[in-house]
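Please treat every number below as a calculation from the coordinates, not as lab data. These numbers come from a predicted model, not from an experiment. Here Cβ is always computed from backbone atoms with ideal geometry, including for glycine, and neighbour counts include all displayed protein chains.
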Amino acid sequence: MSIHASASPNAFVPDESNTRLLRDAFGRFATGVTIVTAATEDGVAAITANSFSSVSLSPPLVLWSPDKASRRFSYFEQATSYAVHVLSAEQDDLCWAVARDAFALNDHNLSLNAEGVPVLENCLARFECTKTAVYEGGDHVIMLGQVNRAQMREEGDPLAFYKGQVGRFTAD
Ligand SMILES: Cc1cc2nc3c(=O)[nH]c(=O)nc-3n(C[C@H](O)[C@H](O)[C@H](O)COP(=O)(O)O)c2cc1C
């Protein structure tokens, strides 16, 4: 049996001219949505991120990938600790507010954890991390963090991200 590449009309070789297509193809991978927070000298920096992934149970490690071109990149590059919040289906407004504005959480009166990282309550899960490694990843970097503390809610549906849109995911 032979397998022919490019059989599909939607097949393409990623290059500089079709990054939009590649973004759309990446968008076929449904993910959850997180907000990553860090304390900075300018206040609470936050970013909406769907690049989050669990990595290791022992030691407990997670990753996410900030865009080097983001205006908020330097805040997360400098932060040694941060918190990753997994959003619930009701938190779509928060998802877009933080996507628009790095300091959208500044007036939210967040509590600080042991490392001084501002943390959100009422998310589906929260991972409070210390950065352990940063790997080159093209126009992004891959940030690996050790999970110092984790918490989760028993109930609630996740906010899902698919084809550029967010919505409730219900498992049944
Ligand atoms: C659902 C969703 C997921 C996102 N995931 C990431 C991500 O993983 N990494 C990233 O750098 N930006 C991600 N972004 C973009 C940022 O949240 C934010 O919109 C962007 O950094 C804005 O540009 P600025 O930082 O230059 O203001 C995502 C946005 C949305 C809405």
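Some values worked out for this structure:
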quantity	calculated
Residues of segment 144-172 satisfying the condition of being of a type in the set (Lys, Arg) and either without any contact (Cβ under 8 Å) to a residue 40 or more places away in the chain or within 13 Å of Ser88 (Cβ to Cβ) (or both)	Arg149, Arg153, Arg168
All positions within segment 75-111 that are within 12 Å of the ligand (Cβ to nearest atom), surrounded by 15 or more Cβ atoms within 10 Å (Cβ to Cβ) and not in a helix (DSSP H, G or I)	Val84, Leu87, Ala102, Phe103, Ala104
Residues within segment 29-72 that are part of a strand (DSSP E or B) and either without any contact (Cβ under 8 Å) to a residue 12 or more places away in the chain or hydroxyl-bearing (Ser, Thr, Tyr) (or both), tallied	8
Failed condition for Phe161, given (1) more than 12 Å from the ligand (Cβ to nearest atom); (2) surrounded by 17 or more Cβ atoms within 10 Å (Cβ to Cβ)	(1)
Evaluation of Arg23 against (1) surrounded by 13 or more Cβ atoms within 10 Å (Cβ to Cβ); (2) within 14 Å of the ligand (Cβ to nearest atom) (one fails), failing number	(1)
Residue list for segment 54-74, filter: among the hydrophobic types (A, V, I, L, M, F, W, C), more than 8 Å from the ligand (Cβ to nearest atom) and closer than 19 Å to Pro118 by Cβ	Val62
Of the criteria (1) in contact with a Phe, Trp or Tyr (Cβ under 9 Å, 6 or more places away or on another chain); (2) farther than 24 Å from Glu154 by Cβ; (3) of a type in the set (Gly, Ala, Ser), which one Ala97 fails	(1)
Selection status of Phe103, in contact (Cβ under 8 Å) with a residue 24 or more places away in the chain and within 18 Å of Thr31 (Cα to Cα)	no
Selection count where residues are surrounded by fewer than 17 Cβ atoms within 10 Å (Cβ to Cβ), closer than 15 Å to Val117 by Cβ and among the small types (Gly, Ala, Ser), scope segment 128-148	0
